[in-house]
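Reviewing the structure listed below.
The values are calculated or read from the model by the stated rules, or taken from the named source; none is laboratory data. Just so you know, these numbers come straight off a predicted model, no measurement behind them. All Cβ positions, even for glycine, are placed from backbone atoms using ideal geometry, and neighbour counts span all protein chains on display. Areas reflect the complete protein model, heavy atoms only, side chains present, ligands, DNA and RNA absent. Shrake-Rupley method; radii C 1.70, N 1.55, O 1.52, S 1.80 Å.
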Amino acid sequence: MFESKVREKVLAVYYIALAAMMYYMLDDTIFVYTVIPTRQICVLLLIFSGFVSFLIRPNIARGVEVLKGTVILSAPLLAMVMVSLPIWITRQIGVHEFKVVIWHHAVYVNQVFAALTAGVFLYQFGEKGIWYNLAAILIANAMIVVTIMAESGVAVYLREFARLIMTFAGETGEVIAQAELHELVFCLGAYLIYMMVFAKKTPGHWVLFGLTTFLFLSAFKRIAMASIALTVVAGVVLNLLAKANHRKWVDLIISIAFVLIIILLVLYIGFVEAGGFRLLEEVGVNTMSRADMYELMEDYYEFSPSYTGKGTGYLSYQLTYVLPLWVQAIHNDFLQHFIDLGFFGYIFWLLSLTVLRTWFFGRNGNTDAKVGAFVITCYMLILSTTDNTLNYQMFFTVTSLLIMGHGYDKRVRKTDERLFGYIEESNRL
């Protein structure tokens, strides 16, 4: 038992350190025939380390649960390929465009790497892996903040921090603006939701919550604040219903909510196509050039059930080789997927991103896991209306870990009993 605990602590230090480097080197790149994100080396090392660990000390039940969870969390990529394949064949795309398509898919393959990275933490440490990963994010973010404080002064940083909070991000100083790393703040936001919806009474929980809140507010994002407020309220209400033995109501509410969300996300495309963002500009809302970009997109799609799409990668090809240089990204994952996948392909993709994962992890009466998957998925969707969040690999790692991780230990014990008729000692903890 003592040796097992020592081994786990050594592994925890190794994985936390490697993950901290992964989160710290968000924008660093190296050139090996092509530009490769440095963090990807850490990702591959984490996945490889988990695979080696499985070969040395195989835990079948944990491995099975990780594999199933990874497949479900990677389903949106499979949906994109299934929808796009007949479109590519019908359009008879050229070799050059197909190369761009393949490269574009490499971005979405990062979702698979994210799910595998999350799976490695769960395989090695069970649900404690959720918190080891948070420790890695906090270390990486703290290193960035401490560096900024060392260069500009602690007093200056804290003064700008106070002004940022009091003006609700209306005034952002030059110093604290350096801490505004979109991907990390979105990751921290997901953890804040999880810690508030599934709050624990232990001191350690609230220490982590305090550190996470400070670093989250240092990179203040109003869309993230709004997303957190909405999803936490929804999560708390659903948990109260579940504790009052109204689990059927929880299931019904989540089902209705997803129907409404999918309808709204379809109508959102109609809003964009009808010039909704131009109307926002006219009433004084700064859309950050989105109104101009979306007007350029009007030539590439139509909002109609008869629109069948151009295949994944089509819009990326247009952005790279056809559209003006100032339009390098449209900052709207939903519009991009609608243009690529078509009306019904877009709905199919949305179902794989929302209903499938919530149903899978919340099956067999696991209402807590269903609520967790629901609120984290809603958080992801809200953020994606104004940012390319679905392209953020580290954000996908965190959301995958929180969705797959809640109730993981319980699922592993059930798998042990189903496969072997008993629970392995390492899975009893």
>> Give me the residue from the range 280-292 that is surrounded by 13 or more Cβ atoms within 10 Å (Cβ to Cβ) and of a type outside the set (Gly, Ala, Ser) and, out of that set, modelled with the lowest pLDDT.
In response: Thr287
> Before we move on, is Ser352 surrounded by fewer than 24 Cβ atoms within 10 Å (Cβ to Cβ) and hydroxyl-bearing (Ser, Thr, Tyr)?
Replying inline: yes
>> Among the residues in the range 191-198, are any open to solvent by 40 Å² or more (accessible area, probe 1.4 Å) and either in contact with a Cys (Cβ under 6 Å, 6 or more places away or on another chain) or in contact (Cβ under 8 Å) with a residue 24 or more places away in the chain (or both)?
In response: yes
>> Quick check on my filter: what residues within the range 388-415 are among the charged types (D, E, K, R) and surrounded by fewer than 21 Cβ atoms within 10 Å (Cβ to Cβ)?
In response: Asp409, Lys410, Arg413, Lys414
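Rundown of residues vs (1) surrounded by 15 or more Cβ atoms within 10 Å (Cβ to Cβ); (2) of a type in the set (A, V, I, L, M, F, W, C); (3) touching a residue at least 24 places away in the same chain (Cβ under 8 Å), yes/no style:
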{"site": "Ser4", "(1), (2), (3)": "no, no, yes"}
{"site": "Thr38", "(1), (2), (3)": "yes, no, no"}
{"site": "Val52", "(1), (2), (3)": "no, yes, no"}
{"site": "Gly63", "(1), (2), (3)": "yes, no, yes"}
{"site": "Val81", "(1), (2), (3)": "no, yes, yes"}
{"site": "Ile87", "(1), (2), (3)": "yes, yes, yes"}
>> List pairs: first residue in the range 203-214 and without any contact (Cβ under 8 Å) to a residue 24 or more places away in the chain, second residue open to solvent by less than 70 Å² (accessible area, probe 1.4 Å) and of a type in the set (Gly, Ala, Ser) anywhere in the structure, Cβ distance under 9 angstrom, at least six positions apart or on different chains.
In response: His205/Ala199; Trp206/Ala199; Phe209/Ala199
> Among the residues of the range 260-279, which ones are open to solvent by 30 Å² or more (accessible area, probe 1.4 Å), in a helix (DSSP H, G or I) and either in contact with a Pro (Cβ under 7 Å, 6 or more places away or on another chain) or within 13 Å of Leu335 (Cβ to Cβ) (or both)?
Replying inline: Leu267, Tyr268, Phe271, Glu273
> Just to be sure, is Arg418 free of Cβ contacts under 8 Å to residues at least 60 places away in the same chain, over 23 Å from Leu230 (Cβ atoms) and either open to solvent by less than 30 Å² (accessible area, probe 1.4 Å) or not in a helix (DSSP H, G or I) (or both)?
Replying inline: no
>> Within the range 301-334, take every residue that is open to solvent by 30 Å² or more (accessible area, probe 1.4 Å) and modelled with pLDDT of 85 or more and give me the one that is farthest from Thr90 (Cα to Cα).
In response: Phe303
>> Against the condition over 22 Å from Arg7 (Cβ atoms), within 17 Å of the chain's Cα centre (by Cα) and open to solvent by 10 Å² or more (accessible area, probe 1.4 Å), how does Ala106 come out, does it pass?
In response: yes
> Can you name every residue in the range 112-134 that is under 13 Å from Ala20 (Cα atoms) and open to solvent by 30 Å² or more (accessible area, probe 1.4 Å)?
Replying inline: Trp131, Tyr132
> Can Leu184 be described as closer than 18 Å to Ile139 by Cα and part of a helix (DSSP H, G or I)?
Replying inline: yes
>> Taking the conditions exactly as written (aromatic (Phe, Trp, Tyr), without any contact (Cβ under 8 Å) to a residue 12 or more places away in the chain and either open to solvent by less than 30 Å² (accessible area, probe 1.4 Å) or in a helix (DSSP H, G or I) (or both)), does Trp359 satisfy them or not?
In response: yes
